[in-house]
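Engineer: Sharing a structure with you now.
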Amino acid sequence: MIGNLIWMFLEYLPDKLYLSLLFKKRLGYKMDWKNPKTFNQKLQWMKLYDKNPLYSVCADKIAVRDFVAAAIGDKYLIPCLGVYDRAEDIDYDSLPERFVLKCNHGARLNVICCDKNKLDIPAANASLNKWLKTRFWHQKREYHYKAIKPRILCEQYMEDEETEGLNDYKVFMIAGNPYMIQVDLDRFGEHRRNVYDAEWNLLDVNISFPNGQDVPRPAVLDEMLSCAGKLADGFAEVRVDFYVINGKLYFGEMTFFSGAGFSKYEPREFEFEMGKKLKLPER
């Protein structure tokens with residue numbers, strides 16, 4: 001409790017000092033602003049010194065839909081059921097039995113409805129309105145989120161018939177090329193995470209979570225990597241997320257500074273290798 005209160009106070013420190021302290025606390029080694037070498041160090045540097053306005057467009061879960069449609073086509077988009085400024089604007093009666101509500105200006109701000117008859121609507125609305133007021137960008141100084149007007153996106157509920165869930169494929173793009181693919185398994189249970197190279201070889205690497213059961217190579221892997229390349233064109237780095245649902249590829253989101261630059265890579269040498277690949281843009 002005391003530790004949380006201290007960090008609530010520390011959030012008001014200047015960006016560089018705050019991030020330096022948080023970096024050491026989270027990752028156990030020092031942030032080097034003058035000569036960043038690891039992938040995480042370079043992501044911290046980019047958060048403060050790389051102010052590409054397209055980051056805000058692509059990180060906005062609503063605005064990015066037009067960006068994706070223009071780059072690879074709207075066939076890859078999960079159907080949109082509505083966009084709202086407030087939770088009170090949502091007409092639940094008009095929605096199907098299953099749907100997903102998410103705020104567009106951050107991560108993990110989601111209401112997943114598997115059965116509308118069991119949904120606690122007042123509680124869902126309270127959460128959504130609370131999230132709309134959250135300064136998500138400030139927590140880890142991800143300034144590209146600050147320029148996003150907070151809104152609510154409602155999407156169609158999607159489920160793969162074979163897995164009865166969704167495998168989340170996260171393609172790490174560095175300088176326009178796929179460096180690795182992260183697959184998250186059982187995110188709401190015993191969370192596991194596998195890491196593959198672009199040829200779908202399982203790597204002996206952990207990113208914040210232990211490995212899980214090997215995942216078969218997706219039949220749409222080549223299509224996935226092609227789409228990721230088109231979406232990542234012009235960016236020094238970006239993580240492009242996809243779902244494979246009943247054999248069809250769908251876009252998930254685009255994430256700059258994956259894990260806000262605080263993910264734990266094991267072995268540490270792998271993080272240095274990623275850092276060597278990432279060329280910092282002009283300040």
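Engineer: ARG65 is checked against (1) among the basic types (Lys, Arg); (2) more than 30 Å from CYS227 (Cα to Cα); (3) surrounded by 15 or more Cβ atoms within 10 Å (Cβ to Cβ); (4) touching a Leu at 6+ places or on another chain (Cβ under 8 Å) and fails just one. What number does that condition carry?
Structural biologist: (2)
Engineer: Another one. For the condition within 29 Å of GLY28 (Cβ to Cβ), out of contact with any helix residue (DSSP H, G or I) (no Cβ under 8 Å at 6 or more places or on another chain), assigned by TED's automatic domain parsing to the domain that holds VAL205 and assigned to a helix (DSSP H, G or I), what is the one hit in GLU223, GLU269? Even if it seems obvious, please write down each step before you answer.
Structural biologist: Values: GLU223 fails: within 29 Å of GLY28 (Cβ to Cβ).
Of the residues listed, the single one that is within 29 Å of GLY28 (Cβ to Cβ), out of contact with any helix residue (DSSP H, G or I) (no Cβ under 8 Å at 6 or more places or on another chain), assigned by TED's automatic domain parsing to the domain that holds VAL205 and assigned to a helix (DSSP H, G or I) is GLU269.
Engineer: Kindly list, by first and then second residue, each pair from a residue in region 9-36 that is in contact (Cβ under 8 Å) with a residue 60 or more places away in the chain and closer than 18 Å to TYR143 by Cβ to a residue that is assigned to a loop (DSSP other than H, G, I, E, B) and not acidic (Asp, Glu), limited to pairs with Cβ atoms under 6 Å and residues at least 6 apart or on different chains.
Structural biologist: ASP15/ARG141; LEU19/ARG141; PHE23/MET31
Engineer: Right, here's the next one. List the number of the failed condition for TRP137; all other conditions in (1) modelled with pLDDT under 95; (2) hydrophobic (A, V, I, L, M, F, W, C); (3) out of contact with any helix residue (DSSP H, G or I) (no Cβ under 8 Å at 6 or more places or on another chain) hold.
Structural biologist: Checking TRP137 against (1) modelled with pLDDT under 95; (2) hydrophobic (A, V, I, L, M, F, W, C); (3) out of contact with any helix residue (DSSP H, G or I) (no Cβ under 8 Å at 6 or more places or on another chain), the one that fails is (3).
Engineer: While we're looking at this one, here's another question. Restricted to region 169-214, and to residues that are in contact with a Phe, Trp or Tyr (Cβ under 8 Å, 6 or more places away or on another chain) and β-branched (Val, Ile, Thr), which residue is nearest to LEU27 (Cα to Cα)?
Structural biologist: Filtering region 169-214 for residues that are in contact with a Phe, Trp or Tyr (Cβ under 8 Å, 6 or more places away or on another chain) and β-branched (Val, Ile, Thr), the one nearest to LEU27 (Cα to Cα) comes out as ILE207.
Engineer: From the residues in region 145-166 that are not charged (D, E, K, R) and not in a strand (DSSP E or B), which one is nearest to ASN104 (Cα to Cα)? Give the steps one after another, and end with the answer.
Structural biologist: Filtering region 145-166 down to residues not charged (D, E, K, R) leaves 145, 147-148, 150, 152-154, 156-158, 163, 165-166.
From what's left, not in a strand (DSSP E or B): 145, 147-148, 150, 157-158, 163, 166.
Numbers: TYR145: 9, ALA147: 11, ILE148: 8, PRO150: 6, TYR157: 17, MET158: 18, THR163: 27, LEU166: 20 Å.
That would be PRO150.
Engineer: When you scan region 148-166, how many residues do you find that are within 19 Å of ARG65 (Cβ to Cβ) and modelled with pLDDT under 95?
Structural biologist: Pass one, region 148-166, residues within 19 Å of ARG65 (Cβ to Cβ): 148-158, 166.
Adding the requirement that they be modelled with pLDDT under 95 leaves 158, 166.
Adding up the residues that qualify gives 2.
Engineer: Right, another one. What do you reckon, is LEU249 within 19 Å of LEU48 (Cβ to Cβ), of a type in the set (A, V, I, L, M, F, W, C), assigned by TED's automatic domain parsing to the domain that holds ASP168 and crowded, with 18+ Cβ neighbours inside 10 Å? Walk me through how you get there before you give the answer.
Structural biologist: Working: within 19 Å of LEU48 (Cβ to Cβ): no; of a type in the set (A, V, I, L, M, F, W, C): yes; assigned by TED's automatic domain parsing to the domain that holds ASP168: yes; crowded, with 18+ Cβ neighbours inside 10 Å: yes.
No, not satisfied.
Engineer: Within region 207-245, track down each residue that is over 16 Å from ASN194 (Cα atoms) and among the hydroxyl-bearing types (Ser, Thr, Tyr).
Structural biologist: Scanning region 207-245 gives a single hit, SER226.
Engineer: Next up: Where residues in region 237-256 are outside any strand (DSSP E or B) and touching a strand residue (DSSP E or B) at 6+ places or on another chain (Cβ under 8 Å), which of them is modelled with the lowest pLDDT? First the steps, then the outcome.
Structural biologist: Narrowing region 237-256 to residues outside any strand (DSSP E or B): 246-247, 256.
This time we only want the ones that are touching a strand residue (DSSP E or B) at 6+ places or on another chain (Cβ under 8 Å), so: 246, 256.
On the way: ASN246: 92, PHE256: 97.
That would be ASN246.
Engineer: Can you list residue pairs whose Cβ atoms sit under 7 Å apart, with the first residue in region 69-84 being touching a residue at least 24 places away in the same chain (Cβ under 8 Å) and the second being polar (S, T, N, Q) and surrounded by fewer than 16 Cβ atoms within 10 Å (Cβ to Cβ)? Count only pairs 6 or more apart in sequence or on different chains.
Structural biologist: Final answer for the pair search is ILE78/GLN156; PRO79/GLN156; LEU81/GLN156.
The values are calculated or read from the model by the stated rules, or taken from the named source; none is laboratory data. Remember, predicted model here, so these are calculated numbers, not experimental data. Cβ atoms come from the backbone with ideal geometry, glycine included; neighbour counts cover every protein chain shown.
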